[in-house]
Every structure is written in structure tokens, then in C-alpha cells.
Amino acid sequence: MVVGSMVIPKYSDPKTIYTPKDIQFDMLSEHDVNLTYTQAWRAKEKALQFLRGHPTNSYSKLPSYLYILKKTYPGSVVKLKKTGDDCFLYVFVAICTSISGWEYCRPVVVVDGTFLKSAYMGIMVTASTMDAAGTILPLAYVVVDSENNASWK
């Protein structure tokens, strides 16, 4: 926690890449402290947690974010599915402007997914199309635990 609090300024700019190896080098050169890679990695995690908060807090704010999204964009389709013990399972979002824009698009939908690299993992799947001008229009996105029949449904 001490080293993590010392390296917080290095992570204030999200574009900065500051690796555990960098932490090891800086601690050795500036403070004459030799850290293992694991200690430096944990210091990085603590610094990011100090700045951004714990990921669990973000998931607890998700229902209020989706509520505001639905109120701001009436006609949007927003669905949140939780497990029996109130844990996040799936979220689906289709903004009303994308829904109404579908009418003027080519009848081709491209679906693509990417793995989320975080403590909670998961997959983000997006559906997009191309409008008459040739620009990409995002139709919807969903975050699921894995690509299985239940999440596709």
C-alpha cells in the first residue's frame, strides 16, 4: 500500500504506460528499495484502486447509469439481468437514435465480440451496420459472462 500510494501520480494520466518493471526500477533508483515483480504489480493495482475505486463499486452504479440512459434517450432498449444474489450477469443497450437509424441502413448486420480483460472478465458483443452514406452505425451492445445459448437469448 505504501509503494502504491507513492506511484499514484504516475497513473494520473490514463495515457501513461507505467509497468511493474518501471515501478521496480524507480523504487530501486530513487529509494534504494528492491521489489519483486509481484510486489510491484500489487503496488500498481493498489495505485489504480486508489484512483479509480474498486470495480465492484462500478457494477453497483450500473442500474442508476442505465436508468439515466433510458430517461435521457426515451425509446432506447436497456436490459440488465442479475443473478439471484443480485450480482451482474448481462446488460443489453440499444440507443433510440440507432434504432431509428436502422430504417436507412443496408440490411446487413455485423456482430463482433471482444474479451474484457479485467478482474471480472466477460465478453462485449456489438452489432453494427452501414448506413447509406457508408458510415458505420452501432446498433446495440451487450456485455455477457460468456458466449453461450443463455447469453445469446
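How many angstrom separate the Cα center of segment 105-123 from the Cα center of segment 1-31? Value for the Cα centre distance between the two parts: 32 Å.
Simple point charges give the picture: +1 on the Cβ of Lys and Arg, -1 on the Cβ of Asp and Glu, and for the chain a dipole about the Cα centre of about 380 debye.
Expressed as a whole percent, the accessible area of segment 58-153 that falls on carbon and sulfur atoms is 63 (1.4 Å probe). Counting only Cβ charges, +1 for Lys and Arg and -1 for Asp and Glu, the dipole size of segment 1-81 around its Cα centre is about 780 debye. Multiplying the residue separation of I17 and K70 by 0.36 nm and subtracting their alpha-carbon distance yields 15.6 nm.
Only Cα sites of the chain enter the Debye sum here, all with the same form factor; the resulting log10 I(q)/I(0) across q = 0.14, 0.21 1/Å is -0.86, -1.24, listed in q order. Among 93-99, 79-85, the peptide with the highest mean count of other Cβ atoms within 10 Å heads the list, and the full ranking is 93-99, 79-85. Just the number please: accessible area per residue for the chain, 1.4 Å probe, all protein chains included, in Å². I get 71 Å² per residue for the chain.
Express in % the proportion of alpha carbon pairs of segment 96-153 at distances exceeding 16 Å. Counting every Cα pair in segment 96-153, those more than 16 Å apart make up 49 percent.
Per residue of the chain, the DSSP helices (runs of n ≥ 4 H) give a summed -39500 (n - 2.57) that works out to -12000 deg cm²/dmol at 222 nm.
Label point of W102 set 7 angstrom out along Cα-Cβ; within segment 115-151, amide nitrogens under 16 Å from it belong to 126-132, 137-142.
Across segment 1-84, the convex hull enclosing all Cα atoms gives 134 Å³ per residue.
The mean sequence separation of alpha-carbon pairs under 8 Å and at least six residues apart, normalised by the residue count of the chain, gives a relative contact order of 15 percent. For D32 and K117, what does the FRET efficiency come to when R0 = 25 Å and r is the distance between their Cβ atoms, rounded to the nearest 0.05? Using R0 = 25 Å, I get an efficiency of 0.15.
The values are calculated or read from the model by the stated rules, or taken from the named source; none is laboratory data. Please read all numbers here as calculations on a predicted model, not as lab measurements. Backbone-built Cβ (ideal geometry, glycine too); neighbour counts: all protein chains shown. Side chains are part of the model used for accessible areas, which takes the heavy atoms of the whole protein and leaves out ligands, DNA and RNA. Shrake-Rupley method; radii C 1.70, N 1.55, O 1.52, S 1.80 Å.
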